[in-house]
Structure formats: C-alpha cells, structure tokens
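The next block holds one structure in the form of structure tokens; read it before the comments.
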Amino acid sequence: MDSDQELAYDYSPRFRVYKNGQIQRLVTETFVPSSLTPQNGVVSKDAVYSPEKNLSLRIYLPHQTLETSEANKKKKKLPLLIYFHGGAFIMETAFSPAYNTFLTSTVSAAGCIAFSVDYRRAPEHPIPIPYEDSWDAVKWIFTHVAGSGPEDLVNDHADFRRVFVAGDSAGANIAHHMAIRAGEENGSIKFSGMTLFHPFFFSKAILEEQEDGVRRYMEGIWEIVCPNSKKGVEDPWINVVGSDLSGLECGRVLVMVAGKDLLAREGRVYAEKLEECGWGGRVEVVETEDEDHVFHIRNPDSDNARLLVQRFAEFLRQVCSDDKE
C-alpha cells in the first residue's frame, strides 16, 4: 500500500482520514432541497452568500408571513436567527435532513426568519476557514440591514433590531466566535442573544480527566480540523473558557447542555466565566438529564427534543419582549 493511502485517523463508522490528507466520509450525505411548499407551516429558499467560494445558506420563513404580506401589502418584520450546524467541523451540512428538520421546527415554534449557514469543512479546509466562511455569511446577511440587500425575503421580513446567533456542537463554537468577532469589529453587527447547544469547547484540563481512549479521540479530532495549531487543545479556538469572554457582542446567552455529554462541564464553566468576566449580560444554563451530545439533532421526534425546541423558542421570544421594554 502506498504510504499516502495509509490511515492517519480512523473514526469509523463516521469517517477516515488518510496520511495524504484525504478524507473518506462513511455516512451518506443527503441534500434536502429547499421548498416554497409549506412544511410544518414553514417555507425555505437557498441563497448564495459567497459566489467566489460557491457557498450558500438556507433561509426559513413562516409561510403565514408571506400570505399576510400578499394580502395586506404590508411586510411583517420577524426576529432574525443565524444558525451554524455541528459535525465536529468535519461532518454534516446546512442542507442535511437533520438540520432541515431542526430549523423548520424552530421557525415554526418561534415565528422567526432563520438562516442556516453552510461553511467549508475540515480537513480539506482546516480552521480558521470555517470561521472565515461563517463571518462572510454574517456580513452578507447584514447587507440587508437598510432593506436594500440582494435577497428580497430578507429585506422585507428581517428585523435587524432583534438578531440572534446560535449553533450546536462545532456550530455552537462558531456562534461564540462570531459574537466575539462582532464585538471586536465594533461596527454595525450586533446580536440581541445567543444560544449554544452542547458547545464544542474543551481543553487539556478536561481531557486529562477522561479515559485514554476518549482523550485520544478528542485530541485526534482537533489535530484533524486544526493541524497547524501550535497550542493543540489549549488553542483559543477550542479552549474557549480559557479566553477573554468580556467582549461578547450580545446581551443574553442561553447555554444548553446534556447530562451524559462529556462536554457538558465546559458548557457550565463557560456560563460561569461569562458571569465573572465583566461581560455585563445575562446567561442561563438549561440541562437535559439522561441525554447525550446533540440528542435533539439525532432524535428530533423525542419528547426531550421537542421540549428543547420549545425552550429555544421561548428564549427568542423572551429576549425580543425584553428588548421592547
């Protein structure tokens, strides 16, 4: 066997990475098309946010909003949600069945307009490329703030006074870094709130508490997605709780953790650090006991998954209500 074809990382049954840098994704990736035929009362449409990189996002909108606009000629403005999918920076897309189901359920429950962002994945496109792509998507969305952007659905219905950023697992990691970057830019990009579902945060300290197999598994994931990191799992991209969180650009944060998830502790510590760092916002932690990492994506029809979506929708509505006071 050619040395380049030798395995470097074997994460079967999900994927394998070879020494030549190629990846074999073992899970069939299905593209669910967008649809203007309502699904659970929600329609969707894809839009290109980066033509030069051929990157798109999916826009979700309650169908009733379109019907009201056509009947009354009045454009109803809705809270705006920017969502980043998970998959350890390696798997999944914004157009997979799991995320299409989750965003449809969320928009139906919350009555918002949502953007599910697709970004390039590792190892073909290692960190920081996923963050740069995601920031390009955020900037594209905000080109509509004056009502003159390239996508009429966004011009007509997005309320840029009520903008939320969210994600699960690696997507939660991205969401956090988008909120930090918005604060660093000190410009027109502002978020009202952020929700992190089972955030993909870890560090050397938490990994040293795990069994050798778990520790090697997590360290290997990080080596795949960020091969040029000089700090390894202490890199600020992943060791978020060891970083300065005070510049986070949003006023409210909801952190979701799962009781059986080994990353749950970092989610709780993240919330504690926010309260202590002088950030000045409000943070809440919601734990789902007896569940594991991203259970709501893997099993969306479970009672706990439905409760999680309802809690997420309540958070969006509550922050919007507080902003009006």
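The separation of segment 174-222 from segment 54-114, counted between C-alpha centres, amounts to 23 Å. When the solvent-accessible area of segment 31-317 is split by element, carbon and sulfur atoms take up 45 percent of it, the probe being 1.4 Å. Taking the Cα centre of the chain as reference, the dipole from Cβ charges on Lys and Arg (+1) and Asp and Glu (-1) amounts to some 980 debye. For the chain, take the longest principal axis of its alpha carbons; what is the angle in degrees between that and the long axis of helix 97-110, to the nearest 10 within 0 to 90? Long axis of 97-110 versus the principal axis of the chain: about 40 degrees. What is the angle, in °, between the Cα long axis of helix 264-276 and the longest principal axis of the Cα atoms in the chain? Nearest 10 is fine, range 0 to 90. That helix lies at roughly 60 degrees to the long axis. Roughly what angle does helix 63-72 make with the longest principal axis of the chain, taking Cα atoms, 0 to 90 degrees, to the nearest 10? Roughly 20 degrees, rounded to the nearest 10. Its DSSP H runs of at least 4 residues, each contributing -39,500 (n - 2.57), put the calculated 222 nm mean residue ellipticity of the chain at -11000 deg cm²/dmol, to the nearest 500.
Mean-square fluctuations from a GNM of the chain, with a 10 angstrom spring cutoff on Cα atoms, peak among ALA205, ALA109, ALA182 at ALA205. For the set HIS85, HIS125, the ranking by accessible area, highest first and with no ligand, DNA or RNA atoms included, is HIS125, HIS85 under a 1.4 Å probe.
Its residue count N sets the reference 2.2 N^0.38 Å, and the alpha-carbon radius of gyration of segment 218-325 equals 1.23 times that reference. Most simply put, segment 31-317 has about 30% antiparallel DSSP beta bridges, counting only bridges with both residues inside it. Annotation: segment 31-317 has a Kirkwood hydrodynamic radius of 19.1 angstrom, from the mean reciprocal C-alpha pair distance. Rolling a 1.4 angstrom probe over the protein heavy atoms with all chains in place gives segment 31-317 an accessible area of 41 Å² per residue.
Please state the shape class of segment 30-124: rounded when a/c is under 1.5, otherwise prolate if a/b exceeds b/c and oblate if not, all from the C-alpha gyration tensor. Prolate is the answer for segment 30-124, as a/c is 1.5 or above and a/b outweighs b/c.
Between the C-alpha center of segment 257-314 and that of segment 13-28 there is a gap of 30 Å. In the chain, Cα pairs under 8 Å separated by at least six residues give a relative contact order of 15 percent. Highest mean packing comes first when the peptides 55-63, 303-311, 32-40, 244-252 are listed by Cβ atoms within 10 Å, giving 55-63, 244-252, 303-311, 32-40. Within the same chain, lysines fewer than 8 places from LYS230 are excluded, and of the rest, those with a Cα less than 21 Å from its Cα are LYS19, LYS204.
The values are calculated or read from the model by the stated rules, or taken from the named source; none is laboratory data. Every value quoted in this text rests on a predicted model; they were computed, and no experiment measured them. With ideal geometry, Cβ positions are generated from the backbone for all residues, glycine too; neighbour counts draw on all protein chains shown. The accessibility values were calculated without ligands, DNA or RNA, using every heavy atom of the protein model including side chains. Shrake-Rupley method; radii C 1.70, N 1.55, O 1.52, S 1.80 Å.
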